[in-house]
Amino acid sequence: MKHIFIINPAAGKDNSFENIKKILELKKVEVDYELYETQAPGDATAYIRKYCTEHKEPVRFYACGGDGTLNEVVNGVVGFPHASMSCYPCGSGNDFVKYYGGKKVFWNLEELLDAPEEYIDLMRVGNKYAINATHFGFDSSVAETMMKVRRKKLIGGKNAYTTGVVVGLFKAMKNACRVSVDGELLNPDGNILLCTIANGQYVGGSFRCAPRSLDNDGLLEICLVKPISVLKFVSLVNVYTEGTHLDDDRFADILEYRRGKKIEIEAPEGFIYSFDGELIRQNKFTVEVVPNAIRFAVPKSAVYLPGKKHVPKYVEEKEVVNVP
């Protein structure tokens, strides 16, 4: 099998290309591998699709970056039966891999190269695919603000998320849209605080929005929170972050949680949602599950055995250097 590392040079604090190259050279890895450094947004998807069209031998691609790089590799690999994928998480955001125990599970390159593969689901909107989550309402408002202020002094940089939350508390506590799951309308009044459609379990770096989600059961998890006051939001946000909201009586009247295959969203013009981190402005769209869409390689040191349908646990981790 050919192994190709798709490396986003802008991901993380260090030069990921040099780090990965050094690791492979020091380990004297005896596999057929190549390193490809992306040139611009969308380049990873285009490169993978071109490669898979021209080469028919088995190949595994590794997304070396954050969730954005992972999404680009997903959209490149999907539809090519001879291609599979995994990831070497070295970006600032790596929500999806928390499903398997966190970033450190994927940092041993020797184990990663030998990792067994399992079929996992994806979600699709039109001709685009996502591996982790689609979310909107308060969450997408925060993300939109972060994008606007990330390069500004004081309110940007490491403070961008806080700025996004503060702005959201003023303008995104009640968001107009209707959400239907397999034909059932979840919010007849047409308003939400937030809604997440998940294949993984985490969004936003630490929010365990879908603690019962399985990425290989042919279903998506839908977590819809109805509008609440700012004070109630503040009192419950830690519960939502920890992922214990499904069993907390305080959420009984404000939470709709479903498993489904087809989710339809209708909203006013200008509505924005996050699709694996990409902000998309669209007021009517459908999110569908695509069962067994890709083969994903999971190291044996993951917190569960690949192929088993149960809820993994997220193992807290500390940052480590990417080279020995």
Item to check | Count of the stretch 15-53 residues which are in contact with a helix residue (DSSP H, G or I) (Cβ under 9 Å, 6 or more places away or on another chain) and either open to solvent by less than 80 Å² (accessible area, probe 1.4 Å) or small (Gly, Ala, Ser) (or both) | outcome: 19
Checklist entry - Can you tell me which residues in the stretch 174-199 are crowded, with 20+ Cβ neighbours inside 10 Å, assigned to a loop (DSSP other than H, G, I, E, B) and out of contact with any Phe, Trp or Tyr (no Cβ under 7 Å at 6 or more places or on another chain)? => result 199
Checklist outcome for this item: For the stretch 52-79, pairs from a residue that is in a strand (DSSP E or B) to a residue that is of a type in the set (S, T, N, Q) and open to solvent by 20 Å² or more (accessible area, probe 1.4 Å), with Cβ under 7 Å and 6 or more apart or across chains, are 64/8; 65/8
Checklist outcome for this item: the stretch 242-284: strands (runs of 3 or more DSSP E) wholly inside it with 3 or more residues that are in contact with a Ser or Thr (Cβ under 6 Å, 6 or more places away or on another chain) and open to solvent by less than 40 Å² (accessible area, probe 1.4 Å) are 272-275
Next on the checklist: Kindly evaluate residue 223 against the criterion of being open to solvent by less than 30 Å² (accessible area, probe 1.4 Å), at pLDDT 95 or above and either more than 23 Å from residue 288 (Cβ to Cβ) or not in a helix (DSSP H, G or I) (or both).
Outcome noted: yes
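The values are calculated or read from the model by the stated rules, or taken from the named source; none is laboratory data. Not measured: the values here are computed from a predicted model. Every residue, glycine as well, gets a Cβ built from its backbone with ideal geometry; the counts of neighbours run over all protein chains shown. Each accessible area value is taken on the protein alone, full model and side chains, heavy atoms only, with ligands, DNA and RNA left out. Shrake-Rupley method; radii C 1.70, N 1.55, O 1.52, S 1.80 Å.
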